[in-house]
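**Student:** One structure coming up, written as structure tokens, with questions to follow.
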Amino acid sequence: MMRSTLAIALLLGAPAVALAQSPAWEADPAHTHIGFGVRHLMVSNVKGEFTKYKVRVTGEPKDPARAAIDVTIEAASINTGVADRDKHLRSPDFFDVAKYPTITFKSKKIAKVGKTGLKVTGDLTLHGVTREVVLEARDLAGPIKDPWGMSRLGLQASGLIDRRDFGLKWNKAIEAGGVVVGNEVRIALEVELVTKAP
């Protein structure tokens, strides 16, 4: 009876053990871009990025559906190229970085799409609110071994969220109709992952 119980426990724990023993990949900040775009005054798109973050992926490249993705972004690192605008975005009108210093994403399900694509479903926590979002990853490349003995992977990913779902509701109406800031936020990621070569 004891042997049977032990065997069942080992079988149930096997996936977690296998994942823990899988290689851990981290974003190379010199070759990674965590970006976004938002409509401004209904006529143009303002693009920005976050410059401080940690991206960790655990899993085997040959079996991406079993990987685990964990992202933590420092909200105060937002950069749109305009200091006054960035200051406003850090304020309680938007990200309120003093109260909510981090943005996180944790994957829950990863499905293969074609030969070089993935559909990544996970929980995004922003401004203290957690919502399930879907990211479409494409152009998966690698792994390759670089000249310094490291293994590297690359991908692009994108998604669309409504900022109001996360409590980011500040806006102003304009005389011509419409509002100053669009509600849809387009997520645009360029990620290069690196790990020690086996």
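Rule-based calculations on the coordinates, nothing more; no lab input. All values reported here derive from a predicted model rather than from experimental measurement. No Cβ is skipped: glycine too gets one built from the backbone with ideal geometry, and neighbour counts run over all protein chains shown.
**Student:** So how strong a dipole does the chain carry about its Cα centre when Lys and Arg Cβ are +1 and Asp and Glu Cβ are -1, to the nearest 20 debye?
**Tutor:** Roughly 420 debye, rounded to the nearest 20.
**Student:** Of VAL43, THR104, LEU118, which is farthest on the positive side of the dipole of the chain, counting Cα position, with +1 on Lys and Arg Cβ, -1 on Asp and Glu Cβ, and the Cα centre as origin?
**Tutor:** My answer, from the dipole projection, is LEU118.
**Student:** Which entry in (i) 1.04; (ii) 1.19; (iii) 1.06 is this structure's computed Rg/Rh (Cα atoms, Kirkwood Rh)?
**Tutor:** Working out Rg/Rh (Cα atoms, Kirkwood Rh) from the coordinates points to (iii).
**Student:** Sum -39500 (n - 2.57) across every DSSP H segment of at least 4 residues in the chain, then divide by the residue count to get the 222 nm mean residue ellipticity, nearest 500.
**Tutor:** It lands at -4500 deg cm²/dmol.
**Student:** Just subtract the alpha-carbon distance of THR116 and LYS169 from 0.36 nm times their residue separation and send over the number in nm, one decimal.
**Tutor:** Answer, rounded to one decimal: 15.4 nm.
**Student:** A further question on this structure: List, in the order given, every pair from LYS87/LYS169; LYS62/LYS119; LYS109/LYS169; LYS62/LYS112; LYS54/LYS115 whose Cα-Cα distance in the structure shown is over 19 Å.
**Tutor:** LYS109/LYS169; LYS54/LYS115
**Student:** Please report, in debye to the nearest 20, how large the charge dipole of the stretch 62-136 is about its Cα centre when each Lys and Arg carries +1 at its beta carbon and each Asp and Glu carries -1 there.
**Tutor:** Dipole size: approximately 460 debye.
**Student:** What stretch of the chain, leaving out the sites themselves, is the longest with no chymotrypsin sites (Phe, Trp or Tyr not before Pro) in a DSSP loop having at most 16 other Cβ atoms within 10 Å?
**Tutor:** Here the longest segment lacking exposed loop sites spans 1-147.
**Student:** With an 8 Å Cα cut-off and a minimum separation of 6 or more residues, compute the relative contact order for the chain in percent.
**Tutor:** Once divided by the residue count of the chain, the mean separation gives 23 percent.
**Student:** Give me the number: length gained by fully extending GLU184 to LYS109, i.e. 0.36 nm times residue separation minus the C-alpha to C-alpha distance, one decimal in nm.
**Tutor:** Taking 0.36 nm per residue and subtracting the Cα distance, the gain is 24.6 nm.
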